[in-house]
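Accompanying notes for the structure given below.
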Amino acid sequence: MKIVVLQGSPNKRGSTNILVTEFIRGAQESGHSTERFDLADMNLNPCTGCVACGYEGPCIQQDDNEKIRTAILNADMIVFATPLYYYGMSAQLKTAVDRFCAYNSSITRKHMKSALLTVAWNNDTWTFDALESHYRTLVRYLELQDQGMVLGRGCGTPSMTKHTQYPKMAYELGKRL
Ligand SMILES: Cc1cc2nc3c(=O)[nH]c(=O)nc-3n(C[C@H](O)[C@H](O)[C@H](O)COP(=O)(O)O)c2cc1C
């Protein structure tokens, strides 16, 4: 299957990247093709809320969102990857998700698979409560089929992250798809 990874950390060599790299390694070993978008490097503007798209149609903004739209509509799975920023997803990832507005029904109709990869500094049990709830709500609303979440607590730096079980969990999630 074709998998699109929306990588929402501005740190290309950061902890989110560690989980993404491991997930992709596992998925490719199982024969899947992956396309990764490092959102911070892209020319991606926030939704202006003009609704010229009518919630399903061309967006009036001429930016890199078209690349993401084309990839997602040709794919079978979306992976949301983000560092935890103030208990939610990063602005980079939220910007890409908001732009789903212009192809919302097209996504819903596809019943795509999905997964969440995320890291945070905190190690409390409640660290990901808000982000997990948001992700589960997106799954429900967009009629996605959740394949799993890797919620990396205590992953404040790449060296911390490398010493946790989460990179292995991300690899295994990709591998078992
Ligand atoms: C703007 C900002 C907000 C953050 N908010 C949180 C937070 O709410 N909870 C938390 O545990 N860590 C928070 N962190 C820490 C990051 O989630 C953590 O360091 C993560 O490993 C960064 O991932 P990266 O290496 O992919 O950038 C925040 C970091 C930044 C820069």
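The values are calculated or read from the model by the stated rules, or taken from the named source; none is laboratory data. Being a predicted model, the structure only gives us computed values, none of them experimental. Counting neighbours? That spans all protein chains shown, and the Cβs are built from the backbone with ideal geometry, glycine included. Heavy atoms of the whole protein, side chains included, go into the accessibility calculation; ligands, DNA and RNA do not. Shrake-Rupley method; radii C 1.70, N 1.55, O 1.52, S 1.80 Å.
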Expressed in nm to one decimal, what extension gain is obtained for the pair Thr125 and Gln165 from 0.36 nm per residue of sequence separation less their Cα-Cα distance?
-> 12.8 nm
Between segment 46-74 and segment 119-164, what is the C-alpha centre distance in whole Å?
-> 27 Å
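Provide the convex hull volume over Cα atoms per residue for segment 15-174, in Å³.
Values: hull volume 16.9 nm³, N = 160.
Value for segment 15-174: 106 Å³ per residue.
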Please work out how much length the chain gains when fully extended from Ser105 to Lys175, using 0.36 nm per residue of separation minus the C-alpha to C-alpha distance, in nm with one decimal.
-> 22.3 nm
Give the relative contact order (percent, whole number) for the chain; include only Cα pairs under 8 Å separated by 6+ residues.
-> 32 percent
Given the peptides 77-85, 158-166, 106-114, 93-101, arrange them by the average over their residues of other C-beta atoms within 10 Å, most packed first.
-> 77-85, 93-101, 106-114, 158-166
Round to a whole number: what % of the accessible area of the chain belongs to carbon and sulfur, probe 1.4 Å?
-> 50 percent
With every protein chain kept in place and a 1.4 Å probe, the chain has an accessible area per residue in Å² of 49 Å²
Packing rank of 61-70, 7-16, where each peptide gets the mean count of other beta carbons within 10 Å, highest leading | 7-16, 61-70
